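Take a look at the structure set out below.
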Amino acid sequence: MIIGVPKEIKNNENRVALTPAGAQELLKAGHTVYVQSTAGLGSGFEDAEYVSAGASILPTIEEVYDIAEMIMKVKEPIEAEYPLIKENQLVFTYFHFASYEPLTKAMVESKSVCLAYETVEKADRSLPLLVPMSEVAGRMAIQEGAKYLEKPLKGRGILLGGVPGVRPAKVLILGGGVVGTNAAKIAAGMGADVTIMDINLPRLRYLDDVMPANVNTFMSNEYNIRELIGTHDLIVGAVLIPGAKAPHLITKDMLKDMRPGTVLVDVAVDQGGCIETCKPTTHQDPTYVIDDVLHYCVANMPGAVPYTSTLALTNATLPYALQLANKGWQKACKENLELKLGLNIIKGEIVYQAVGEAFNLPYTSVDNFLN
Ligand SMILES: NC(=O)c1ccc[n+]([C@@H]2O[C@H](COP(=O)([O-])OP(=O)(O)OC[C@H]3O[C@@H](n4cnc5c(N)ncnc54)[C@H](O)[C@@H]3O)[C@@H](O)[C@H]2O)c1
């Protein structure tokens, strides 16, 4: 198969969908790989590294889209890319269709085959191509939170790990899933006094077993949250109710119960945030203060660490990309239910129910295309 890797053109996106190592694996399997010039630069990969791996470099995005049977991307196509996508072309990337109707309509019109990273799903309902970004964001939440606790950045002026004779900072993590667990690991490693709250008791039991001694678990409910917020320095929002807006576990009135300079990092901002006063921010202007409480609500946290994020993402996507390239999308999706669930739009028809329902558009069964 001919695989094309365009440079991401969405504002501030430095990740790339394929590393030189990934290109080599595809080439070893007998495929041809075209990478747009400088596509990997933002993640630290020079064109020459792709060439040594056996890939070919094309100077323009138009040439990449023109030649490729499968496009591998990171972000959803933006308007300038819509006309480049061809009939029958397989596009493997994050789409998040249900949040943007113009993209959905454009991809229906393109008659391409859209396989979305975010809906590839394992039998245990986990989302293997979202997990790596949650791992990055969870770890980063503590790195950023620790930084913003510094006084010149408007925080309380407390060092996360304390020093001998001085207590460490207290970190409260709302939600003990992938983001929360990764945040807890880093906070604990830095010596903080950490509490993870979740509503899932088996999950709390598991975390209690595997986490170090400076991590405690606590059942999540309003009463318990109100009890803790006044004594914690850094609070990380990491809840997720699949397919729904995040619940507001911290309401505006609770801010007055926090100490001035408390830092809130709401990682769940992409689902509306679990802190009522959360509104999306960017890496250019990541924070704002309400009632003396500092809010960090960057919606694409992994974008700040493209090197790590690219490697984490491609570690997860490459095995699927190889299946698609080796077998073609129809056979690969027939044989692997995880990939089949990633199919959102096929040749002008929506095949993912939630996407059709989001915009009241007709949808059909994916099986119509796999028999
Ligand atoms: N901002 C970013 O850059 C970024 C990056 C990656 C992920 N995210 C977001 O972070 C959020 C968390 O993702 P995840 O991968 O950890 O999800 P996850 O499903 O692994 O974990 C979510 C956890 O929240 C718990 N939960 C649900 N309701 C709760 C409540 N009322 N109180 C406490 N816990 C509750 C669940 O039991 C679960 O353990 C998602 O909204 C995700 O989209 C944001």
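Nothing in this text is a laboratory measurement; each read-out follows from the coordinates by a stated rule. Remember, it's a predicted structure, so these values are computed and weren't measured experimentally. With ideal geometry, Cβ positions are generated from the backbone for all residues, glycine too; neighbour counts draw on all protein chains shown.
Structure values in brief
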quantity: Among THR314, THR38, THR251, residue whose mean-square fluctuation peaks in a GNM of the chain (springs only between Cα atoms under 10 Å); calculated: THR251
quantity: Stokes-Einstein translational diffusion, the stretch 131-304 - Kirkwood Rh over all Cα pairs, 0.692 mPa s, 37 °C, in µm²/s; calculated: 211
quantity: Dipole magnitude (debye, nearest 20) for the stretch 131-304, charges at Cβ of Lys, Arg, Asp, Glu; calculated: 220
quantity: Selection from MET190, VAL265, LEU294 lying farthest towards where the dipole of the stretch 131-304 points positive, charges on Cβ; calculated: MET190
quantity: Fewest-first ranking of SER365, SER112, using other Cβ atoms within 10 Å as the exposure measure; calculated: SER365, SER112
quantity: Alpha-carbon centroid distance for the pair the stretch 289-316 / the stretch 206-273, whole angstrom; calculated: 18
quantity: Pairs beyond 18 Å (Cα-Cα), from LYS10/LYS73; LYS105/LYS340; LYS10/LYS86; LYS7/LYS122; LYS154/LYS185; LYS185/LYS256; calculated: LYS105/LYS340; LYS10/LYS86; LYS7/LYS122; LYS154/LYS185; LYS185/LYS256
quantity: Karplus-derived HN-Hα couplings along the stretch 182-196 (A = 6.51, B = -1.76, C = 1.60, θ = phi - 60°), whole Hz, x at Gly and Pro; calculated: 5, 5, 4, 4, 6, 4, 5, x, 7, x, 6, 9, 10, 10, 10
quantity: Normalised per residue, the volume of the convex hull around the Cα set of the chain (Å³); calculated: 147
quantity: Phi to ³J(HN,Hα) by Karplus 6.51 cos²θ - 1.76 cosθ + 1.60 over the stretch 225-239, Hz, x for Gly, Pro; calculated: 5, 4, 5, 8, 5, x, 10, 9, 8, 10, 10, 10, x, 9, 8
quantity: Degrees separating the helix 306-327 axis from the principal Cα axis of the chain, which is the longest one; calculated: 40
quantity: GNM top mover of ARG156, ARG226, ARG125 - the chain, alpha-carbon springs below 10 Å; calculated: ARG125
quantity: Karplus-derived 3J(HN,Hα), 6.51/-1.76/1.60, for each residue of the stretch 132-139, Hz, glycine and proline x; calculated: x, 6, 5, 5, 5, 5, x, 5
quantity: Candidates PRO83, PRO302, PRO260, ranked by Gaussian network fluctuation over the chain, Cα under 10 Å, top entry; calculated: PRO83
quantity: Lysines with Cα under 20 Å of LYS245, excluding same-chain neighbours fewer than 8 positions away; calculated: LYS279
quantity: Mean residue ellipticity (222 nm) of the chain, computed from DSSP H runs ≥ 4 via -39,500 (n - 2.57), nearest 500; calculated: -9500 deg cm²/dmol
quantity: Rounded to 10°, Cα long-axis angle of helix 101-110 versus longest principal axis of the chain; calculated: 20
quantity: Convex hull per residue volume in Å³, alpha carbons only, for the stretch 83-133; calculated: 89
